[in-house]
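Heads up: the structure comes next, in structure tokens.
The values are calculated or read from the model by the stated rules, or taken from the named source; none is laboratory data. Here the structure is a predicted model, which means the values were calculated and not measured. FYI the Cβ positions are ideal-geometry reconstructions off the backbone, even for glycines, and counts take in every protein chain you see. Ligands, DNA and RNA are excluded from the accessible area calculation, which covers all protein heavy atoms including side chains. Shrake-Rupley method; radii C 1.70, N 1.55, O 1.52, S 1.80 Å.
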Amino acid sequence: MNSISIRKRIFIILFASMALVMSLMFALVYIVAGAVMEKTLSEYLISAVDANTDKIIFLEKDVAEIIKESDNDDLFVDYGSGVLQIDDDFLDMLSDVESALYTQYGKLLYGNNSLSRNMPLEAFDASRLYRQVISGKRYIVYDRKITGEKLDGLWIRGVVPLTKKQDQLEQITRSVAAFIPVLVIMVVLVSFLASSSILMPIRRMKEIAAAIVGADDLGKRIETGSNRDELYQLAVTFNEMLGRLEDSFNREKQFTSDASHELRTPVAVIRAQIEHIQAKEPAESEYIEAIETIGRQNKRMEKLINDMLGLSRIEQGEKRYPMSETDLSEIVRTTVDDMSRIRFRNIEVVSKVEKEVIIKGNRNLLERAVINLIDNAYKYGRENGRTVVSLRKEGGNAHLEVSDNGCGISEDALGKIFDRFYREEKSRSEVEGYGLGLSLVHEIVSLHGGAVKVTSQKGTGSRFEVEIPLLLR
Amino acid sequence: MRILYAEDEKDMNRIVTQALREQQYLVDSCFNGQEAIDCLESAEYDVAILDVMMPVADGYDVLKKIRQKNGALPVLFLTAKDAVEEKVRGLDAGANDYLVKPFSLDELLARVRVLTRQKHAVSDNILRCDDLELDTSTRVVKRGNQVIDLTSKEYQLLEYMMYNKNVVLSRSRIEDHIWDYNYVGGTNVVDVYIGYLRQKIDKDRDRKLIRTKRGMGYMITDE
């Protein structure tokens, strides 16, 4: 397990990348500055050497004698058949650039400085810069051949030490180094603040989530803020999840509360009945009445428990109820047949069933659904009325319709009719049942990938329509 | 004692009504809230026992009506909802007591006695008038050490009068309270029963407890 917090990680990444960028920049500055300085030095060297080339004139010896007398500042060096007059502007030492005049065989003619003398002789190389290390020091060297009347074979060699560049770079490094502590502090500070500010909304989310856990209040929501960034998306998604959680939690709570209410009622009646009969010496008729009451309430409880178990089993889905090719036509036909036998409140059941409506389904569940729909029509249909059951193929679906001509359902109740334990108010005392029948139908149809809907008009009757996809062959 | 009882579960309604009647209470039983509200319009009750979940109008609706009309009537809520919030909601709405189903009939009867005591501002089950004692829990009536045997109606009449000790009760008020709707009014049934009570309580006694206030009605008094 990696236990480094995200905040630390962000901090480390920021810090490392900033440090890397800064080192790279420093290296770049170092290299570029070095290159620039070297170029400047080179140019300086070239211009210094070039400036010296025209300071040398070849004179015949007699002419030289005459000039020597009138111009004492210049230097005169014997060269071949004549004399070289070296102007006193010839700068053998200009700043750090040292120039010296050589014959092509390497004999030093002028430039009386230590460097020129100590330089080991290298072949002259025309107009090219090269580096050389002399007694541990690095130099740039530039050779220039002198052209002119009788000047062939003369070379000027200029050198400039690289120590100058080195010194300057060291100075830059030192001044940068002086800034390093400040930079480090700044990098740390910026990394710290950045990691905090990035994590701020996440921290807030965490606090709200903790509040929800602490207060056990699923009604709370995370503030989404106005900035539609990734965290906004996260907060919205999180809130959606909370909403669904709250919904299902509330449904579950409602179910538990309703179920316990429904179960308590028969238990309460049985208890009261037993206590009442035990408190006195009852007549035989009272005994009989008591037993009947207990039997009735017991049956009611049994049915309720069965329905509740049925519902919870359906939730286990196909594991519990395997699906196979099923002839819905046959199921509807036989169920209508059975149900019409137990004629209730003298309601007639008529059916119109198309043959071979084949779906993938579970026979027991589908039977149960059809029974519950007809049972519902029996309970709420008009006395001496009629219930119509029809089944047909329609647009890739099996279309089952059960309609009655009873009291109808109020608009308010239509939306809740498939809710568990929902019963229309007036029916509570007049009709037996717990409001589980239709929610069973709903669950069964959903399990088969279908949908059930209801349309109704108060006073004229209700129509339940079930659609389940046909089996494709 | 006249009790208003509303419960939509038929078996429950029958059993509790029967148990209350066996305790000499006069019971009007209703199967929904609206019936209970209608009953409130036409009679005066000592206690109301209301199921909370009822069709048409629920226990809260009836309670609201009661508090609008007759503030002091003690109300007991009966319900299968046992969550604490439900109890708090019921009591806050003005119910005097709250009993969760399934309940014991004995407990229900005891709580009804508590509520009638509260209504008449007495602290135990024994009502006294001079040396006459009436125990509302055992229904035993004594004068001195002598136990007096009373019929159901005689008992109801005496209990009502003792709860209203030193108060003059008109004939019609007594009639309303002790006899239910099935009784055809306009007879001298009250006078007849007062006569029976006098026979059993005051005959051969120096101190007569039941007095007739001419033109007004009857009262029991120890003054």
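Observations, loosely collected:
- Counting only residues at least eight positions apart within a chain, or on another chain, the lysines with an alpha carbon under 24 Å from that of A:LYS55 are A:LYS68, A:LYS107, A:LYS145, A:LYS150.
- For the stretch A:1-43 versus the stretch A:159-176, the gap between their alpha-carbon centres in whole angstrom: 21
- If you wrap the Cα atoms of the stretch B:126-220 in a convex hull and average its projected area over all directions, you get 6.1 nm².
- Shielding by other protein chains, A:259-268, mean Cβ within 10 Å: 5
- Residue by residue along B:97-109, Cβ atoms of other protein chains within 10 Å of the local Cβ number 3 on average.
- Normalised by residue count, the stretch B:64-180 yields a Cα convex hull volume of 139 Å³ per residue.
- Computed Rg/Rh of the stretch A:320-469, alpha carbon atoms with Kirkwood Rh: 0.95
- Reported to the nearest whole Å, the Cα centre-to-centre distance from the stretch A:200-220 to the stretch B:12-37 is 51.
- Our summary gives chain A a relative contact order of 9 percent, counting only alpha carbon pairs under 8 angstrom and 6 or more residues apart.
- Put a plus charge on the Cβ of each Lys and Arg, a minus charge on the Cβ of each Asp and Glu, and nothing anywhere else: the dipole of the stretch B:126-220 about its Cα centre is then about 340 debye.
- For the Cα trace of the stretch B:2-120, dividing Rg by the Kirkwood Rh returns an Rg/Rh value of 0.91.
- Exposure rank, largest accessible area first [B:SER137, A:SER47; 1.4 Å]: A:SER47, B:SER137
- Accessible surface of A:ILE288, taken over heavy atoms with a 1.4 Å probe and every protein chain present, rounds to 90 Å².
- Estimated inter-spin distance, A:LEU472 and A:LYS393, nm [label 7 Å along Cα→Cβ]: 1.4
- Tilt relative to chain A, helix A:363-380 - C-alpha long axis, 0 to 90 degrees, to 10: 60
- Those residues of the stretch A:8-24 whose amide nitrogen sits under 14 Å from the label point placed on A:LEU234, 7 Å along Cα→Cβ: A:8-10
- Gyration tensor verdict on the stretch A:218-315 (Cα atoms; rounded if a/c is under 1.5, prolate if a/b is larger than b/c, oblate otherwise): prolate
- Excluding same-chain neighbours fewer than eight residues apart, the lysines reachable from A:LYS253 by a Cα-Cα span under 20 Å are A:LYS220, A:LYS416, B:LYS81, B:LYS87, B:LYS101.
- Cα-derived Rg over Rh, computed across the stretch A:261-398 with Rh taken as Kirkwood radius: 1.13
- As computed over chain A, the Cα convex hull volume per residue (Å³): 330
- Note on A:269-279: average number of Cβ atoms from other chains within 10 Å of each residue's Cβ is 6.
- Near the amide H of B:ASN32, within less than 5 Å, lie the amide hydrogens of B:GLU7, all on another chain or at least 5 residues away, with H placed in the peptide plane.
- Set of lysines with alpha-carbon distance to B:LYS213 below 22 Å, sequence-local pairs under 8 removed: B:LYS153, B:LYS165, B:LYS200, B:LYS203
- Packing rank of A:358-365, A:194-201, where each peptide gets the mean count of other beta carbons within 10 Å, highest leading: A:358-365, A:194-201
- Computed from Cα atoms, the angle from the helix A:328-341 axis to the main principal axis of chain A rounds to 30 degrees.
- Once B binds A, the 1.4 Å probe can no longer reach about 2100 Å² of accessible area, counting both sides.
- Extension gain, A:VAL133 to A:ARG296: 0.36 nm times the residue separation minus the Cα-Cα distance gives 46.9 nm.
- For chain A, the longest principal axis of the Cα atoms and the long axis of helix A:284-315 meet at an angle of about 30 degrees.
- Unit charges at the beta carbon, dipole of chain B: most positive-side option, B:THR79, B:MET161, B:THR151: B:MET161
- Loop-exposed GluC sites (Glu not before Pro) per DSSP, neighbour cap 12 Cβ within 10 angstrom, longest uninterrupted part of chain A: A:224-355
- Selected from A:GLN168, A:PHE26, A:TYR139, residue furthest toward positive end of dipole (the stretch A:6-169; charges at beta carbon): A:PHE26
- Take the Kirkwood radius over Cα pairs of the stretch A:6-169, plug it into Stokes-Einstein at 25 °C and 0.890 mPa s, and you get 133 µm²/s for translational diffusion.
- FRET efficiency, A:MET200 to A:LYS164 (Cβ-Cβ, R0 41 Å, nearest 0.05): 0.20
- Each of A:GLY219, A:LEU440, A:TYR44 was scored by the projection of its Cα onto the charge dipole of chain A, and the greatest displacement toward the positive side belongs to A:LEU440; charges sit on the C-beta of Lys, Arg, Asp and Glu.
- Part-to-part distance (alpha-carbon centres) for the stretch A:75-105 and the stretch B:100-162, which is given in Å: 147
- Per the Debye formula on identical point scatterers at the alpha carbon atoms of chain B, with no solvent, log10 I(q)/I(0) at q = 0.10, 0.12, 0.16 Å⁻¹ is -0.47, -0.67, -1.10.
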